[in-house]
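Colleague: Questions regarding the structure given below will be posed in turn.
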Amino acid sequence: MAELTFGCTEAHAQRYAATPTLSFALTITESTGVRVHAIALRCQIRIEPHRRRYSADEARRLNDLFGETSRWAETVKPIQLATVSTMVKGFTSVTETELQVPCTYDLEVASARYLQGLDDGTIPLLLLFSGTVFVAKGESYSVQLIPWSSEASYRMPVRVWQDVVNEHFPGSAWLRCTRETLDALSVFKAEHALPTWDATLSALLAAARSAEASGAQAGPAPSAPAWRAGES
């Protein structure tokens, strides 16, 4: 019976992938000396945000995900990054393989929103392994399942995620809105002859700031005189 140990040694951006993709370098060690014919490997990857520190700017960006920092002991929970599968070729003793992980930059997804909020440092990941092991026995094979306790921890540098994003969306980000909102933005964009969606949003933000500044300069509305407070 094969006894497997898993490790993760590196992660990097897959630069020529059609979509944003992370590539993890896995090491698989078999300790009993049997010949592993193949592994149908499944890996669930979780982010463990409670295992790192955050700057004030990072905490501000993560407020809508975790709430106020005073409540983080209760609200900061593991976040699902991906679940992927791969086939591992036959080996004896030890082998290395690449695990390709497609990523999303949809900021409605918790993992993307979390990763977008980080400046530097590392991202604590937990890789949970399952699947089927095919062990060679003479001219036949035996089949066994990978124990659910099989896992590996890895601290991925934040710059690796930034490389993945910048490879496909350099200097930009994606926002999702309803069709009604998009129609209203389209009308505003056309009425003001704005060349891009970025310029449209910038104009709306500038208008909102101008309105706030005008309201602050005008001051609060005067309260009713005391002698009129009882009038109906």
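Colleague: Select from the range 183-205 the residues that are under 30 Å from the mean Cα position of the chain (by Cα), exposed (fewer than 12 other Cβ atoms within 10 Å of the Cβ) and assigned to a helix (DSSP H, G or I) and list them in ascending order.
Modeller: If the condition is that a residue be under 30 Å from the mean Cα position of the chain (by Cα), exposed (fewer than 12 other Cβ atoms within 10 Å of the Cβ) and assigned to a helix (DSSP H, G or I), then 183, 198, 205 are the ones that fit.
Colleague: Can you tell me how many residues within the range 147-172 are closer than 20 Å to residue 30 by Cα, of a type outside the set (Ser, Thr, Tyr) and touching a Ser or Thr at 6+ places or on another chain (Cβ under 8 Å)?
Modeller: Looking only at that region, the number is 1.
Colleague: If you don't mind, there's one more thing I want to ask. Just checking, does the range 19-41 include any residue being under 20 Å from residue 174 (Cα atoms), touching a helix residue (DSSP H, G or I) at 6+ places or on another chain (Cβ under 8 Å) and exposed (fewer than 15 other Cβ atoms within 10 Å of the Cβ)?
Modeller: yes
Colleague: OK, next. Looking at the structure I just gave you, is residue 184 small (Gly, Ala, Ser), out of contact with any Asp or Glu (no Cβ under 6 Å at 6 or more places or on another chain) and in the same structural domain as residue 63 (by TED's automatic domain parsing)? Even if it seems obvious, please write down each step before you answer.
Modeller: On the way: small (Gly, Ala, Ser): yes; out of contact with any Asp or Glu (no Cβ under 6 Å at 6 or more places or on another chain): yes; in the same structural domain as residue 63 (by TED's automatic domain parsing): no.
In short, no.
Colleague: Next question, about the same structure. Checking the conditions here, which among 71, 46, 60, 53 is part of a loop (DSSP other than H, G, I, E, B) and either more than 29 Å from residue 144 (Cα to Cα) or out of contact with any helix residue (DSSP H, G or I) (no Cβ under 6 Å at 6 or more places or on another chain) (or both)? So that I can check it myself, show each step before the final result.
Modeller: Details: 71 fails: part of a loop (DSSP other than H, G, I, E, B); 46 fails: part of a loop (DSSP other than H, G, I, E, B); 60 fails: part of a loop (DSSP other than H, G, I, E, B).
Result of the check over 71, 46, 60, 53: 53.
Colleague: Going by the structure shown, is residue 172 in a loop (DSSP other than H, G, I, E, B), modelled with pLDDT under 90 and within 35 Å of the chain's Cα centre (by Cα)? Reasoning before the result, please.
Modeller: Working: in a loop (DSSP other than H, G, I, E, B): yes; modelled with pLDDT under 90: yes; within 35 Å of the chain's Cα centre (by Cα): yes.
For residue 172, the condition - in a loop (DSSP other than H, G, I, E, B), modelled with pLDDT under 90 and within 35 Å of the chain's Cα centre (by Cα) - is met.
Colleague: Also, I was wondering about something else. With respect to residue 141, is the statement that it is of a type in the set (Phe, Trp, Tyr) and under 20 Å from residue 45 (Cα atoms) true? Step through it out loud before you land on a result.
Modeller: Values: of a type in the set (Phe, Trp, Tyr): yes; under 20 Å from residue 45 (Cα atoms): no.
Judged against the criteria, residue 141 is not a match.
Colleague: Same structure again: Please determine, by comparing only the residues of the range 101-117 that are within 16 Å of residue 156 (Cα to Cα) and more than 10 Å from the chain's Cα centre (by Cα), which one is surrounded by the most Cβ atoms within 10 Å (Cβ to Cβ).
Modeller: Taking the range 101-117 and keeping what is within 16 Å of residue 156 (Cα to Cα), we get 101-103, 111-112, 114-117.
Adding the requirement that they be more than 10 Å from the chain's Cα centre (by Cα) leaves 101-102.
On the way: 101: 19, 102: 13.
Here the answer is 101.
Colleague: Test of understanding: among 11, 25, 18, 38, which residue is of a type outside the set (Lys, Arg) and not in a strand (DSSP E or B)?
Modeller: Values: 11 fails: not in a strand (DSSP E or B); 25 fails: not in a strand (DSSP E or B); 38 fails: not in a strand (DSSP E or B).
Answer to the selection: 18.
Colleague: Which of (1) farther than 20 Å from residue 64 by Cα; (2) touching a helix residue (DSSP H, G or I) at 6+ places or on another chain (Cβ under 6 Å); (3) part of a loop (DSSP other than H, G, I, E, B) is the odd one out, the single condition residue 120 does not satisfy?
Modeller: (1)
Colleague: What do you reckon, is residue 68 exposed (fewer than 15 other Cβ atoms within 10 Å of the Cβ), at pLDDT 95 or above and among the charged types (D, E, K, R)? Before the answer, list the steps.
Modeller: Values: exposed (fewer than 15 other Cβ atoms within 10 Å of the Cβ): yes; at pLDDT 95 or above: no; among the charged types (D, E, K, R): yes.
When the stated conditions are applied, residue 68 does not pass them.
Colleague: Here is a further query. Could you tell me whether residue 216 is farther than 30 Å from residue 53 by Cα, at pLDDT 85 or above and part of a helix (DSSP H, G or I)? Please lay out each step first, then the result.
Modeller: Details: farther than 30 Å from residue 53 by Cα: yes; at pLDDT 85 or above: no; part of a helix (DSSP H, G or I): yes.
No: the conditions fail for residue 216.
Colleague: Would you confirm, using the coordinates I've provided, whether residue 152 is among the hydrophobic types (A, V, I, L, M, F, W, C), in contact with a Gly (Cβ under 9 Å, 6 or more places away or on another chain) and farther than 24 Å from residue 17 by Cα? Steps first, please.
Modeller: Details: among the hydrophobic types (A, V, I, L, M, F, W, C): yes; in contact with a Gly (Cβ under 9 Å, 6 or more places away or on another chain): yes; farther than 24 Å from residue 17 by Cα: yes.
Considered against the rule, which asks whether it is among the hydrophobic types (A, V, I, L, M, F, W, C), in contact with a Gly (Cβ under 9 Å, 6 or more places away or on another chain) and farther than 24 Å from residue 17 by Cα, residue 152 comes out as yes.
Colleague: For residue 98, state whether it is more than 15 Å from residue 153 (Cα to Cα), more than 17 Å from the chain's Cα centre (by Cα) and charged (D, E, K, R).
Modeller: Details: more than 15 Å from residue 153 (Cα to Cα): yes; more than 17 Å from the chain's Cα centre (by Cα): yes; charged (D, E, K, R): yes.
Against the criterion (more than 15 Å from residue 153 (Cα to Cα), more than 17 Å from the chain's Cα centre (by Cα) and charged (D, E, K, R)), residue 98 qualifies.
The values are calculated or read from the model by the stated rules, or taken from the named source; none is laboratory data. Just so you know, these numbers come straight off a predicted model, no measurement behind them. Reconstructed Cβ throughout: ideal geometry from the backbone, glycine too, with neighbour counts over all protein chains shown.
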